[in-house]
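Note sheet for the following structure.
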Amino acid sequence: MDDNRIIADPKSIKAINKVSFKQRMISYKKKPLSLVMLILVALAAALSAAALVFIIVYVLVKGIPNLTPDLFSLTYNSDNVSCMPSIINTIMLTLLTLVIAVPFGVGAAIYLAEYAKKGNKLVKVIRTMAETLAGIPSIVYGLFGMLFFVSALHWGYSLLAGAFTLAIMVLPTIMRTTEEALITVPDSYREGSFGLGAGKLRTIVKIILPSAMPGILAGIILAVGRIVGETAALIYTYGSATGYAAGPLSSGRSLAVHMYVLANEGLHTDQAWGTAVVLLVLVFGINTLSAFIAKKLGSKKG
């Protein structure tokens with residue numbers, strides 16, 4: 001009890017911090033390279049944070065004055081260049097892409113982490129291919145989607161072609177992050193479940209997946225961010241029609257493509273800045289909601 005009181009005492013904590021600071025300074029004097037690396041790392045972190053804050057503030061300053069009611073009109077025309085159809089199209093595109101990509105990505109990760117034998121050459125090939133696919137530029141995915149989904153399968157510029165193209169793009173991200181989340185689950189969870197008589201599938205569904213859910217959601221959040229902000233792949237597959245996508249084989253325009261088209265035309269740059277704010281708020285809202293769900297799942301697990 002006495003030790004706990006000493007540690008909880010603010011004066012004791014301050015004294016401990018002073019001692020640790022002196023120890024670090026002595027260590028830096030002995031190894032000046034460590035101090036140089038610390039300064040460089042801190043400088044890099046500060047510059048990254050400053051760049052992010054500058055971009056956000058700049059977009060908000062340029063875009064907020066252009067957020068007018070006409071920008072959120074239900075119908076698009078050459079006068080209001082409303083982004084509302086693009087918002088609806090983006091939400092539908094995101095949901096359809098996740099419906100396609102998440103089952104395949106999570107399923108592949110479960111196989112790699114739970115069923116595949118260690119040292120399996122096929123596993124190494126799959127991981128290498130996934131890492132390679134994650135680094136391919138989005139324009140390449142767009143050209144593939146145009147040649148295969150749009151032309152070969154005769155889907156045309158459509159919601160379905162765009163969703164399948166984006167599903168292929170985000171599949172490696174979901175698969176690798178899910179696999180890492182499954183690997184981090186302690187083996188004692190599996191052993192305890194097997195010891196109670198549960199089978200492999202039941203252990204995965206009831207024990208492993210709930211424990212790894214925060215990591216899985218982190219991968220899905222990254223995938224959603226890429227889906228919402230994608231332009232190059234969607235121009236060649238989803239198209240740039242200004243209205244709502246009436247069905248899976250209808251063309252439409254995502255919010256990022258809408259902003260790109262407005263800025264590229266040069267006639268509605270103010271509305272393009274307003275659309276950028278809407279896109280920023282949409283991504284922030286999705287990430288906040290996903291983080292809230294992950295926190296709730298983590299608290300239930302605890």
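The values are calculated or read from the model by the stated rules, or taken from the named source; none is laboratory data. What you see is a predicted model; the values in this text were computed from it and never measured. Backbone-built Cβ (ideal geometry, glycine too); neighbour counts: all protein chains shown. What goes into the accessible areas is simple: the full protein's heavy atoms, side chains included, and nothing from ligands, DNA or RNA. Shrake-Rupley method; radii C 1.70, N 1.55, O 1.52, S 1.80 Å.
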**Message:** As an exercise, find the ratio Rg/Rh for region 166-288 from alpha-carbon atoms, using the Kirkwood inverse-distance average for Rh.
**Reply:** 1.18
**Message:** On a 1.4 Å probe surface of the protein chains, which of Phe72, Phe54 comes out largest in accessible area, and what is the full order?
**Reply:** Phe54, Phe72
**Request:** Note down the accessible area of Trp273, probe 1.4 Å, to the nearest 10 Å².
**Result:** 70 Å²
**Item:** Cα pair distances of region 88-141 binned at 5 Å [whole percent]
**Value:** 4, 16, 17, 21, 19, 12, 7, 3, 1, 0
**Asked** Can you work out ³J(HN,Hα) from phi for every residue in region 134-144, in order, using Karplus 6.51 cos²θ - 1.76 cosθ + 1.60 and θ = phi - 60°, giving whole Hz and x for Gly and Pro?
**Response** 5, x, 6, x, 5, 5, 5, 4, x, 5, 4
**Asked** Relative contact order, percent, of region 148-302 when contacts are C-alpha pairs under 8 Å separated by at least 6 residues?
**Response** 29 percent
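List the relative contact order of region 48-152 as a percent without decimals, with contacts defined as Cα pairs under 8 Å and 6+ residues apart.
Values: 27 pairs, mean separation 9.7, N = 105.
Contact order relative to length: 9 percent.
Order the following by accessible area, largest value first: Ile207, Ile110, Ile39. Probe radius 1.4 Å; ligands, DNA and RNA are ignored. Let's see the in-between values first.
Details: Ile207 55, Ile110 30, Ile39 100 Å².
Output order, biggest surface exposure first: Ile39, Ile207, Ile110.
By per-residue mean of other Cβ atoms within 10 Å, what is the highest-first order of 143-151, 234-242? Show your work: numbers first, answer last.
Numbers: 143-151: 18.0, 234-242: 23.1.
Listed from highest to lowest mean packing, they are 234-242, 143-151.
Could you sort the peptides 122-130, 43-51, 176-184 by per-residue average Cβ neighbour count (10 Å cutoff), highest mean leading?
Values: 122-130: 13.6, 43-51: 10.0, 176-184: 20.2.
Per-residue Cβ counts within 10 Å, averaged per peptide and sorted highest first, yield 176-184, 122-130, 43-51.
Please go through the residue pairs Lys117/Lys206; Lys124/Lys206; Lys124/Lys200 and name each one whose alpha carbons sit more than 26 Å apart in this structure. Can you show the working numbers first?
On the way: Lys117/Lys206 22 Å; Lys124/Lys206 28 Å; Lys124/Lys200 23 Å.
From the list (Lys117/Lys206; Lys124/Lys206; Lys124/Lys200), the Cα-Cα distance tops 26 Å for Lys124/Lys206.
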**Request:** Can you send over the solvent-accessible area of Tyr244, 1.4 Å probe, protein chains only, in Å² to the nearest 10?
**Result:** 100 Å²
**Fill in**
Compactness summary of the chain: radius of gyration and Dmax from Cα atoms, Å, are 24.8, 77
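Per residue, what accessible area does region 160-209 have, given a 1.4 Å probe and all protein chains present, in Å²? It would help to have the intermediate numbers written out before the result.
Working: 2310 Å² over 50 residues.
Result: 46 Å² per residue.
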**Item:** Relative contact order %, the chain, counting alpha carbon pairs below 8 Å whose residues are six or more apart
**Value:** 24 percent
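Share of region 62-177's accessible area from carbon and sulfur, percent, 1.4 Å? Could you put the intermediate results ahead of the total?
Details: 4220 of 5910 Å².
Roughly 71 percent, rounded to a whole number.
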**Item:** Centroid-to-centroid separation of region 185-260 and region 109-175 [C-alpha atoms, Å]
**Value:** 13 Å
**Fill in**
Scattering profile of region 109-209 from the Debye formula, Cα beads only, expressed as log10 I(q)/I(0) at q = 0.10, 0.16, 0.18, 0.22 Å⁻¹, is -0.42, -0.79, -0.88, -1.06
